[in-house]
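Before any comments, here is the structure.
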Amino acid sequence: ARAADGDVLWVEGARPVGWKRHLWESYNVPRLLKQERADVLFVPYQIGPACRGLRRVLMLRNMEPFLYERYKYGAATRLRNLMLKVSSRRCLRGADRVIAVSEYARSHLTAGLGVCPQRVRTVYHGRPELGEPADHQQRNETIRKMGIGEPYVLSCGSLLPYRRCEDVIAGFERWAATASTAFHLVIAGAAIDPAYAALVHRAIVASPFRSRIHFLGHVGWETMITLYGGCHACIIASEIEACPNIPLEAMASGCVIVSADGPPLPEIFADAALLYRARDVVHMVDQLDWSLDKATRIVFCERAKRRAQAFSWDDCAEQTFAALTDWSTPSS
């Protein structure tokens, strides 16, 4: 299906996913562009079909294919990342303009891939709209029905090696061994890589605090809002991100955030998170200890909400539209 909006033609409707989508786009998009005599092709990802006679704008939104070799993946996921890496490098280098979703992504484009800086624009994602928060009683009832003990700390995101869920479990174990309060750990996220999901499962089973660790798998957005709203702290251990949604969601929810210090997380959080040295679970525990202090909690909850205001979908839309239409001046 197609939808026209002024001078913009949106390609809508269900399409294949994965490599089948790439084949679909390679065949259908050039034909559609020729038929409509388009001037610009925008693909909100880092891979897009090659098209002659028009400008092509891509986005760098996924850093995993460029850095996956640092981690142990299952064979299928490793092959997928290899294919994405090869295709992404070729497409990004050949694009007329690339939208980077963070300064970290921009740096990788220019310094890592050799893309001309004048062809790159930085446009951050927006914060989520959370709607009206559930009242305290309703939230507690939802959490109780899920079998989660309170208070709890939260870790979320698809289970992939760079998310370092094993660090979260190890840090939680150290903290639980000394904390005066019987905290629980909630892990929410789809098991994308089976080999890594098995590693996380073994870590949970082997934990002396396994009865207090709750793995939920994939949960819906309404449930995530409840989990963010009720957690004592949100722990983010990820090491490969571009402009990650989880930090934006956690900040918009006013969470106390304990985060690894790898890029682009400090760029996204500014002063709104308790940062620890990546993979240093002792330092993670130190920051979790700070989360116990009432005054510290108030400060970081307010900082998170305030920092979230810097990320707007309206701004993102305006800046993206400018990147697609303003060809009179170099990218900045």
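The values are calculated or read from the model by the stated rules, or taken from the named source; none is laboratory data. Just so you know, these numbers come straight off a predicted model, no measurement behind them. Here the Cβ is made from the backbone with ideal geometry for all residues, glycine too, and neighbour counts use every protein chain on show. Side chains are part of the model used for accessible areas, which takes the heavy atoms of the whole protein and leaves out ligands, DNA and RNA. Shrake-Rupley method; radii C 1.70, N 1.55, O 1.52, S 1.80 Å.
Summary table
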| quantity | calculated |
| --- | --- |
| Members of region 223-236 found to be open to solvent by 10 Å² or more (accessible area, probe 1.4 Å) and either at pLDDT below 95 or within 16 Å of LEU159 (Cβ to Cβ) (or both), listed by number | THR223, MET224, ILE225, THR226, GLY229, GLY230, ILE236 |
| Pairs, first under 11 Å from ILE236 (Cα atoms) and without any contact (Cβ under 8 Å) to a residue 24 or more places away in the chain in region 270-292, second charged (D, E, K, R) and surrounded by fewer than 19 Cβ atoms within 10 Å (Cβ to Cβ), C-beta under 6 Å, six or more apart | LEU275/ASP261 |
| Region 245-267 - residue that is out of contact with any strand residue (DSSP E or B) (no Cβ under 9 Å at 6 or more places or on another chain) and in a helix (DSSP H, G or I) and, of those, least open to solvent (accessible area, probe 1.4 Å) | LEU248 |
| Residue, farthest from the chain's Cα centre (by Cα), within region 57-102, restricted to residues that are of a type in the set (Gly, Ala, Ser) and buried (at least 20 other Cβ atoms within 10 Å of the Cβ) | ALA95 |
| Scope region 205-244; condition touching a His at 6+ places or on another chain (Cβ under 7 Å) and farther than 20 Å from HIS184 by Cβ; matching residues | CYS243 |
| Residue match in region 142-149 (condition: on the phi < 0 side of the Ramachandran plot, outside any loop (DSSP other than H, G, I, E, B), open to solvent by less than 60 Å² (accessible area, probe 1.4 Å) and modelled with pLDDT of 95 or more) | no |
| Enumeration of residues in region 30-56 that are touching a Gly at 6+ places or on another chain (Cβ under 8 Å) and either open to solvent by less than 30 Å² (accessible area, probe 1.4 Å) or closer than 17 Å to ILE99 by Cβ (or both) | LEU41, ARG56 |
| Single residue of LEU109, LEU130 found to be open to solvent by less than 20 Å² (accessible area, probe 1.4 Å) and in contact (Cβ under 8 Å) with a residue 40 or more places away in the chain | LEU109 |
| Lone unmet requirement of (1) closer than 15 Å to LEU154 by Cβ; (2) in contact (Cβ under 8 Å) with a residue 60 or more places away in the chain for CYS301 | (2) |
| Residues (open to solvent by 20 Å² or more (accessible area, probe 1.4 Å) and of a type in the set (Phe, Trp, Tyr)) located in region 284-317 | TRP290, PHE300, TRP313 |
| Flag for ALA242 being touching a Leu at 6+ places or on another chain (Cβ under 7 Å), of a type outside the set (Ser, Thr, Tyr), touching a residue at least 40 places away in the same chain (Cβ under 8 Å) and not in a helix (DSSP H, G or I) | yes |
